[in-house]
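Novice: For reference, the structure I am asking about is given below.
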Amino acid sequence: SSFDEEQIKEFIEKYKPGAMMYRPMESHKIKNIHENLQKYSKIPLMLAANLESGGNGICLDGTYFSRQMGVAATNNIDQAYNLGMIAGKEANAVKCNWSFAPIVDIDKNFLNPITNIRTFGSDKDLVIQCAQYQMKALRENCVIPCIKHFPGDGVEELDQHLVMGVNNLSVDEWEESFGKVYRTLIDEGLEAIMVGHIALPEMSRKLVPGIEDKDIKPATLSKELLTDLLREDMNFNGLVITDASHMVGMSATSKRCDAVPGAIIAGCDMFLFANDIAEDMAYVRKAYEDGLLTEERLEEAVRRILGMKAHLNLTDESVIIPDKKELDNIGCEAHRECAKKAADECITLVKDTYKNLPVNPDEKKRVFLVYVGSTPTTKGYTGDPVKKVVIEELENAGFEVDVCPSYYDLEVENGVSPMNFVKMLNHEPRQAFIDTHDFALVVINVKGYAQENEVRVRWSCNHSCELPWYNEEVPTIGMSLNYTNHLIDVPQLHTFINAYAPKREHIRAAIEKMTGKSEFKG
């Protein structure tokens, strides 16, 4: 987390990491940090980022292109290439050289709160094809792809940040889905795999006959899944890294003193994140001294890390030292235009059974806007910026916007008061509502991450005026700016649009299609 050059120098010289990962920050800052990291490393570093949706995975001023499901929804495979191209070019500008993407999980369970829009969908062949195109573009920009999360997420509805994940497919079912994805990409020369804290019980039972339930571990700690299956059966000779080690999925079955070296013993070559770095390294050293972590396994892991660095040609100074001119690629106009095109192509009309669309603002101008966001998690909440964008874009399109109150906003605006709840219960006479509104628009921007195992639409308070009581009073349109499964909580809405992202480009494109200025293509 440090920006200070002297602290970076001390850290590198003391711990000699093989790779580093910084969270996104301004491009000029991350450029300087990466330059200092390489300056003080005897062997140049791999520098990683979650380049899942564009250059924003490493630079705050980078281009948000699209989530994976938005890419798949375009039905244009070139957009998968563009995702990798923009992410790779902007990452390369600050000499980030390792992408923890593509995500090759399969959206088999639409209730899963982690996969959903972070997948290319439920069709394994489309997942493979999109990943291939994304990886091709990353490699062309000197960024090594690392696919995730082996042996595959998206089957259950739980979040492996909170529990040990369980992929409960039979061996045959797994081979026909996730197995095909991994075997295809491995056979094409895959360089790296991130392993999830996800168990694959039926495969473990096949590989270790008689294994007891208590001994079934997440893949990160499972020798039969990493060594017997991934290395020997699937012939993967690239680098294996754990998913983030602070996730509960790793600690669910093992003490940390066992899990840290246990991941390396099982077959992981690199370990992602530390709790206390000195303590974690001591755990590995003790396992080595006790003979649990063998010289052979340690040598194998180090050789793969060095092999990856050689593959990246990190001894070439031009590969590791950022050129200031390349910063012009970050968030550039060409990339933003590319993102706009992808947004235009992905917006999906899920249903319009009452033929509410298109809505002409010259004829139906007065809209009742209900914006449903995630529950605020901080006392610093001062309003949802996405809500403001939605209002702006509706007004720019020619609508008069009557915004339904939100309990969260009332608490901020009026202070904590029981009268805020009373206000949320108020309903004007139905006829008065009908006389003053032409249609209603319910915009849902609810998401979850490492906080709850199931993410559903949650209104700001109970019995509130947000609830779709207006659905049969005036034409009502639903729009999701995030997950694609929100329709299950508002099935009575006769019109529903998936927009895939809470970004201005997606919101504007969705409104253009809603008003008939552009056709739905997703």
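The values are calculated or read from the model by the stated rules, or taken from the named source; none is laboratory data. Because the structure is predicted, anything quoted here is derived from the model rather than measured. All Cβ positions, glycine included, derive from the backbone under ideal geometry; neighbour counts span all protein chains shown. Note: accessible area is taken over every heavy atom of the protein model, side chains too, but ligands, DNA and RNA are not part of it. Shrake-Rupley method; radii C 1.70, N 1.55, O 1.52, S 1.80 Å.
Novice: Tally the residues that are outside any loop (DSSP other than H, G, I, E, B) and either of a type in the set (Ser, Thr, Tyr) or in contact with a strand residue (DSSP E or B) (Cβ under 8 Å, 6 or more places away or on another chain) (or both), restricting the search to segment 127-176.
Specialist: Number of matching residues: 15.
Novice: Sticking with this structure for a sec: What pairs can you find where one residue is in segment 307-328 and touching a residue at least 60 places away in the same chain (Cβ under 8 Å) and part of a helix (DSSP H, G or I), the other is of a type in the set (Lys, Arg) and surrounded by 13 or more Cβ atoms within 10 Å (Cβ to Cβ), and their Cβ atoms are less than 7 Å apart, with a gap of 6+ or different chains?
Specialist: These pairs meet every condition: Ile320/Lys95; Leu327/Lys31.
Novice: Regarding Asp107, is this residue surrounded by fewer than 20 Cβ atoms within 10 Å (Cβ to Cβ), free of Cβ contacts under 8 Å to residues at least 60 places away in the same chain and not β-branched (Val, Ile, Thr)?
Specialist: no
Novice: Among all residue pairs at least 6 apart or on different chains, which show Cβ distances below 7 Å where the first residue, located in segment 380-402, is closer than 19 Å to Met514 by Cα and the second is open to solvent by less than 60 Å² (accessible area, probe 1.4 Å) and assigned to a loop (DSSP other than H, G, I, E, B)?
Specialist: Correct list of pairs: Val386/Leu481; Val386/Pro502; Ala397/Pro361; Ala397/Thr515; Gly398/Pro361; Phe399/Pro361; Asp402/His437.
Novice: Related question: For residues that are in contact (Cβ under 8 Å) with a residue 60 or more places away in the chain and either charged (D, E, K, R) or surrounded by fewer than 23 Cβ atoms within 10 Å (Cβ to Cβ) (or both), scanning just segment 46-62, find the one that is farthest from Cys142 (Cα to Cα).
Specialist: Here the residue is Asp61.
Novice: Now for a separate question. Residues in segment 415-436 that are within 19 Å of Pro468 (Cβ to Cβ), touching a residue at least 12 places away in the same chain (Cβ under 8 Å) and either part of a helix (DSSP H, G or I) or open to solvent by less than 70 Å² (accessible area, probe 1.4 Å) (or both): how many?
Specialist: Final tally of qualifying residues: 7.
Novice: Looking at Glu157, Glu173, Glu188, Glu140, which is the one that is without any contact (Cβ under 8 Å) to a residue 24 or more places away in the chain, open to solvent by 50 Å² or more (accessible area, probe 1.4 Å) and among the charged types (D, E, K, R)?
Specialist: Matching residue, one of Glu157, Glu173, Glu188, Glu140: Glu173.
Novice: Just to be sure, is Ala282 among the hydrophobic types (A, V, I, L, M, F, W, C), at pLDDT below 95 and open to solvent by 20 Å² or more (accessible area, probe 1.4 Å)?
Specialist: Taking the combined requirement at face value, the residue does not satisfy it.
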